[in-house]
Amino acid sequence: MYKNYNMNQITLPLETEILIPDNDISKAVHTLVESMPEDVFDGFGQSQGASSYHPKMMLKILLCAYSQSAFSGRKIEALLQDSIRMMWLAQNQVPSYRTINRFRAHPKMAALLQSAFIQFRTQLESNGLIESDAIFIDGTKIEANANKYTFVFRKNIDRHESALLEKSKAKYEALVESAVIPEMIRESDGPLTASELTHIHTQLTDTETELTEQIERTEDIPTRKAIRTERSAIRKSKKAMKDYLDRRLNYQTQRTLMRDRNSYSKTDHDATFMRMKDDHMQNGQLKSGYNLQIATNNQFVLGYDIYWNPTDTRTLDPFLHTMQHTFQHLPEYIVADAGYGSESNYECVADTYERQALIPYNTYYKEQKKRYKTDEMHPNHWEYNAIDDYYICPNDRRLPLKSHTTRTDKYGYQRIFKIYECEDCQDCPLMALCKTSAPDQPKRIQKNRNLEYFKAQVNQTLSSPEGRRRYAQRKIDVETTFGNLKANLGFTRMSVRGNTPVRNELGIALMAVNLRKLVRQSVFTILKPTKNGWDILKSRCPSRFSYCFRAFVPAPFFVLLMKFKHLYIQFQFAGLSRVVNTEM
């Protein structure tokens, strides 16, 4: 006997909301967007044409679609006609994919997402789901929506432009020497500027016009041939100068687009070529991408930003500034990995933001090993006389202070070093173990007192039980978030181009990760393991239990449960309890 199935039976449509369980992610999306202030949704309308879709509805369908791994505008439009939860959030409205893409790249979208993150963090703190005294910072690279072989590198521009300047100057000198054009009055003897190349091209054009007029006035055939030959040479020089001018202007445009980077993509000017971890060919292939920086707590993303720096060292200061500007507050502990460990970052966290950094430096783990601690030849283990300011090497020879030096990196940060030099290294039996420089040069060591001060603080903080506990939480916290974004959500490549649209899309994707975790966490508090399997109690289940079971029970554990001969699962449908007995 079958259940009643009749396609010709007339049925009345029901309210879509009753088909959606209370623990569905669409309810979390609805609650978050409705709790945001009303004024943040102003400015999305238009004064002419048809009325606009409400920004609340547009934000809801974007967050819900991204949580279902639908990132394309066309896929989101299709979900609005297929998915019950999307129909309910949109109230059966179906904006086109063009409207969805325009809203996603709207100039006011950044402020809307910022308000969403502020509201979400406030709700997490009020419910005690995150700690307010620490944030965990890390970065990952996201591939841009750009062609792979459209790269422009600064080194190539420098090399080609240098050759271009030499050719253009040599061509100009040859034209002046042959009296084709008069010599220009120049301020310097350097390379020709774009305006000077334009002036030369104009002079050659005038000369060509004069020769053409001479040909028209002359009837003598040998004379006409001679003038044509001369005009042909002028035209070649004119074409060469035009090419030099176009290439010079093109290089200037490329430098403007590149700014202080070393590369960019022609199809997405804000994307920088970086080395990605998913290098399947293992040949160091560069891909255009963005450096995504996030701050998390309890695996919830609290803030984010994008940068074109391939490394994380120079992103900490601007990212902390963004976090403080957004939330008007920074927690007590700033936790990050060794990629952020630098003197400038330590000084920034301690002096600028007055917070405590739990960031190991690049040699921190090496210094914890026994081999390093027992190495007497390392200068860090040498005896130091603080009164007279000198070191004593293992052979009892002094290294007094010789000089001070200041080094400035390309970002403008200055570091002060003290140089110590041995008084006499001649006939030292430990010379081969002590230094690698020439034998006739004395041993030198350099010390950065400011960096050593911060290193001592880091060693003391990370050695404490509280510091070890917080830093051990970093891997569990922030790395899991990247796994949820890339592996579980499937967000590995951008769908939009440009700095602002990319930042907006990443904000939508990260908020989708937050909502997925929030819903999953609330369900796990309901599911409790028993001797007979999983009992789903005190909750409203989806219309199909298999969906809930596949969504929230890991696959290996599901296979383990199915090995039992009898599996009893008790669950509730609208207050009615049923027991399913599955025979294997």
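The table below gives the values:
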| quantity | calculated |
| --- | --- |
| Candidate set: segment 465-487, residues that are free of Cβ contacts under 8 Å to residues at least 24 places away in the same chain and farther than 21 Å from residue 340 by Cα; chosen: the one most open to solvent (accessible area, probe 1.4 Å) | 465 |
| Residue list for segment 182-192, filter: touching a residue at least 12 places away in the same chain (Cβ under 8 Å) and open to solvent by 20 Å² or more (accessible area, probe 1.4 Å) | 182, 184, 191 |
| Elements of type helices (runs of 4 or more DSSP H) in segment 38-136, at least 1 residues being more than 20 Å from residue 506 (Cβ to Cβ) and either touching a His at 6+ places or on another chain (Cβ under 9 Å) or free of Cβ contacts under 8 Å to residues at least 24 places away in the same chain (or both) | 55-67, 73-82, 84-90, 109-126 |
| Of all residues in segment 465-501 being in contact with an Asp or Glu (Cβ under 8 Å, 6 or more places away or on another chain) and among the charged types (D, E, K, R), the one that is farthest from residue 71 (Cα to Cα) | 474 |
| Residue list for segment 311-358, restricted to those being of a type in the set (Phe, Trp, Tyr) and either in a helix (DSSP H, G or I) or out of contact with any Lys or Arg (no Cβ under 8 Å at 6 or more places or on another chain) (or both) | 319, 327, 340, 346, 353 |
| Residue count, segment 227-238 (criterion: open to solvent by 30 Å² or more (accessible area, probe 1.4 Å) and either over 14 Å from residue 203 (Cβ atoms) or of a type in the set (Ser, Thr, Tyr) (or both)) | 7 |
| Test for residue 388: is it open to solvent by 40 Å² or more (accessible area, probe 1.4 Å) and more than 20 Å from residue 458 (Cα to Cα) | yes |
| Boolean, residue 458 is within 25 Å of residue 65 (Cα to Cα), part of a helix (DSSP H, G or I) and modelled with pLDDT of 90 or more | no |
| Which listed residue is modelled with pLDDT of 90 or more, surrounded by 13 or more Cβ atoms within 10 Å (Cβ to Cβ) and more than 30 Å from residue 259 (Cα to Cα), from 340, 364 | 364 |
| Odd one out for residue 224, checked against (1) open to solvent by 80 Å² or more (accessible area, probe 1.4 Å); (2) without any contact (Cβ under 8 Å) to a residue 40 or more places away in the chain | (1) |
| Looking only at segment 408-431, and only at residues there that are among the charged types (D, E, K, R) and within 21 Å of residue 379 (Cα to Cα), the one that is most open to solvent (accessible area, probe 1.4 Å) | 427 |
| Matching entry among 326, 374 (being under 27 Å from residue 115 (Cα atoms), surrounded by fewer than 19 Cβ atoms within 10 Å (Cβ to Cβ) and among the β-branched types (Val, Ile, Thr)) | 326 |
| Residue list for segment 359-400, filter: among the hydrophobic types (A, V, I, L, M, F, W, C) and either assigned to a loop (DSSP other than H, G, I, E, B) or touching a Gly at 6+ places or on another chain (Cβ under 9 Å) (or both) | 359, 377, 382, 386, 387, 393 |
| Residue list for segment 391-436, filter: within 30 Å of residue 454 (Cβ to Cβ), free of Cβ contacts under 8 Å to residues at least 12 places away in the same chain and hydrophobic (A, V, I, L, M, F, W, C) | 392 |
| Within segment 147-170, tally of residues that are among the charged types (D, E, K, R) and surrounded by fewer than 13 Cβ atoms within 10 Å (Cβ to Cβ) | 4 |
| Subset of segment 1-26 (residues that are touching a residue at least 60 places away in the same chain (Cβ under 8 Å) and assigned to a helix (DSSP H, G or I)) | 16, 17, 19, 25, 26 |
| Flag if residue 396 is exposed (fewer than 13 other Cβ atoms within 10 Å of the Cβ) and over 37 Å from the mean Cα position of the chain (by Cα) | yes |
| Flag for residue 179 being farther than 30 Å from residue 262 by Cβ, open to solvent by 70 Å² or more (accessible area, probe 1.4 Å) and free of Cβ contacts under 8 Å to residues at least 60 places away in the same chain | yes |
| Residues satisfying the stated conditions in segment 234-258, i.e. aliphatic (A, V, I, L, M) and either in contact with a His (Cβ under 7 Å, 6 or more places away or on another chain) or in contact (Cβ under 8 Å) with a residue 60 or more places away in the chain (or both) | 240, 241, 245, 257, 258 |
| Residue in segment 401-422 that is modelled with the highest pLDDT, counting only those that are within 25 Å of residue 317 (Cα to Cα) and not in a strand (DSSP E or B) | 413 |
| Pairs where the first residue, in segment 444-462, is closer than 15 Å to residue 343 by Cα and the second is part of a helix (DSSP H, G or I) and open to solvent by 40 Å² or more (accessible area, probe 1.4 Å), C-beta under 6 Å, 6+ apart | none |
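The values are calculated or read from the model by the stated rules, or taken from the named source; none is laboratory data. Source: prediction; values computed, not measured. Every residue, glycine as well, gets a Cβ built from its backbone with ideal geometry; the counts of neighbours run over all protein chains shown. What goes into the accessible areas is simple: the full protein's heavy atoms, side chains included, and nothing from ligands, DNA or RNA. Shrake-Rupley method; radii C 1.70, N 1.55, O 1.52, S 1.80 Å.
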